[in-house]
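Heads up: the structure comes next, in structure tokens.
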Amino acid sequence: MKWYILATGLALTGLFLYWLLVITEGVYLGRRVVVWLYDLTAGKYDGIKEFAPEMESFFVVRPLRHRLRHAPAPLILDVATGTGRVPWFLLEDPLFNGRVIGLDASEKMLRLAAEKLKPYGRRAAFAQQTADRLPFADNTFPAVACLESLEFFPSDVAALQEMVRVLQPGGVLLVTRRRGREAKLFLDRYRNVPQFEALLRDVGLVDVHTLPWQEDYDQVFGRKPAVSKQ
Ligand SMILES: C[S@@+](CC[C@H](N)C(=O)[O-])C[C@H]1O[C@@H](n2cnc3c(N)ncnc32)[C@H](O)[C@@H]1O
């Protein structure tokens, strides 16, 4: 009987740790743990993700380019850039003439991003920075992106407020909403489509709309009003 109780205890502890460290990536243990886990696994990130260039081009680069069609050489901010997914696919596109700044809290992820984007010289720049304090003046960027990251921040609201602050009036925000099988395992951090869209409107965006994207993520676009509500 004792071994049965012990085995059940071990199984439950294993499941709990899997939820705490793998599914929710340490978010319930605080930012330092999240970033430490990304530092630890940075070298495997691109291999796990296997980004398909044609999909990135269709779902990320083209929509951004289209929304920025009146800006000949836009400066784009990518928050939680990771290994430089957004900068890389934007700069790989011959029709994109702008520059990208990528911020991330993980030094190792950033190091890989900077290495990968080296051929693009000054068109890509990276800095280590948390998402709740963006080191830029108000109204700086015509577009801000933040993919597959909001659910890992200590406060998605604080990060979104910062992104809206640094967006130019009329600028576009592209973020992702966690969906799919594991989304509700984020418990109180989970937001359904109406809740997520309401949050974006609450932080001052208009024209908010959600597009189904991948199994685990929706894309959500919003625009800062030409005359800021902030
Ligand atoms: C799933 S990855 C997404 C990376 C990239 N946006 C992409 O789509 O490939 C999440 C990223 O968020 C970063 N991150 C986690 N917490 C952060 C925080 N508080 N501030 C800034 N970056 C953070 C991690 O270091 C990691 O690079």
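Worth a mention:
- Residues being farther than 17 Å from Gln219 by Cβ and aliphatic (A, V, I, L, M) - total across segment 168-197: 2
- Residues (of a type outside the set (Gly, Ala, Ser) and without any contact (Cβ under 8 Å) to a residue 24 or more places away in the chain) located in segment 46-61: Ile48, Glu50, Glu54, Met55, Phe58
- Complete set of residues in segment 69-106 that are more than 15 Å from the ligand (Cβ to nearest atom), in contact (Cβ under 8 Å) with a residue 40 or more places away in the chain and crowded, with 20+ Cβ neighbours inside 10 Å: Pro74
- Those residues of segment 137-179 which are among the hydroxyl-bearing types (Ser, Thr, Tyr) and without any contact (Cβ under 8 Å) to a residue 60 or more places away in the chain, in sequence order: Ser155, Thr176
- Within segment 187-230, tally of residues that are outside any strand (DSSP E or B) and either free of Cβ contacts under 8 Å to residues at least 60 places away in the same chain or more than 17 Å from Arg165 (Cα to Cα) (or both): 27
- So Asp132, is it without any contact (Cβ under 8 Å) to a residue 40 or more places away in the chain and within 24 Å of Arg189 (Cβ to Cβ): yes
- Selection over segment 1-39 of residues that are within 16 Å of the ligand (Cβ to nearest atom), touching a residue at least 24 places away in the same chain (Cβ under 8 Å) and either in a helix (DSSP H, G or I) or acidic (Asp, Glu) (or both) gives a count of 8.
- Residue in segment 48-63 that is over 27 Å from Gln161 (Cβ atoms), at pLDDT below 95 and over 16 Å from the mean Cα position of the chain (by Cα) present: no
- If you go through segment 127-153 and pick out every residue that is of a type in the set (Ser, Thr, Tyr), more than 10 Å from the ligand (Cβ to nearest atom) and within 26 Å of Arg178 (Cβ to Cβ), you end up with 0.
- Matching option when the condition is buried (at least 21 other Cβ atoms within 10 Å of the Cβ) and modelled with pLDDT of 95 or more, among Phe153, Phe221, Phe186, Phe136: Phe153
- Residue under evaluation Thr176, criteria (1) touching a helix residue (DSSP H, G or I) at 6+ places or on another chain (Cβ under 6 Å); (2) surrounded by 18 or more Cβ atoms within 10 Å (Cβ to Cβ), criterion not met: (1)
- Looking across segment 46-62, the residues that are touching a helix residue (DSSP H, G or I) at 6+ places or on another chain (Cβ under 7 Å) and within 11 Å of the ligand (Cβ to nearest atom) come down to Phe51, Glu56, Val60.
- Filter result (among the acidic types (Asp, Glu) and more than 19 Å from the chain's Cα centre (by Cα)) within segment 203-230: Asp207
The values are calculated or read from the model by the stated rules, or taken from the named source; none is laboratory data. Keep in mind it's a predicted model, so treat the numbers as computed, not measured. Every residue, glycine as well, gets a Cβ built from its backbone with ideal geometry; the counts of neighbours run over all protein chains shown.
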